[in-house]
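To keep things clear, I will list the structure first and then write my remarks on it.
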Amino acid sequence: MTVTAKRITANLLIVTLMLALSGCSHWSERDRNTAIGAGLGAVGGSILSNGSGLGTVGGAVVGGVIGHQVSR
């Protein structure tokens, strides 16, 4: 996968995440922070691991945990 394709994929993922989360207005602040953290962590993990599935999932887990803890 080329660098351009990775950037396009990452941007599409971010836009999709933003649109999906806009329909979740009834969520608590902690739920929103967890979902946003997981989404951003997945994008970051994917970019840092050059598209590795394990890096993406690991980034999502770490981002979700951090997002969950931020609202404490």
Exercise. Between Ser71 and Met1, what is the spin-label point distance in nm, taking each point 7 Å from the Cα along the Cα→C-beta axis?
Worked result: 2.9 nm
Exercise. Rounded, prolate or oblate: which fits the range 3-70, taking a ≥ b ≥ c as square roots of the Cα gyration tensor eigenvalues, rounded meaning a/c under 1.5, else prolate when a/b beats b/c?
Worked result: oblate
For this session: Any chance you could run the full-extension gain for Ser52 through Ala10? It's 0.36 nm times the residue separation minus the Cα-Cα distance, nm to one decimal.
Result: 13.8 nm
Problem set entry | Cα-based helix-to-principal-axis angle, 53-70 vs the chain, degrees rounded to 10 | 30 degrees
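Read-outs throughout are calculated quantities, based only on the coordinates presented, and are distinct from any laboratory measurement. As the structure is a computational prediction, the values presented were derived from the model and not from experiment. Every residue, glycine as well, gets a Cβ built from its backbone with ideal geometry; the counts of neighbours run over all protein chains shown.
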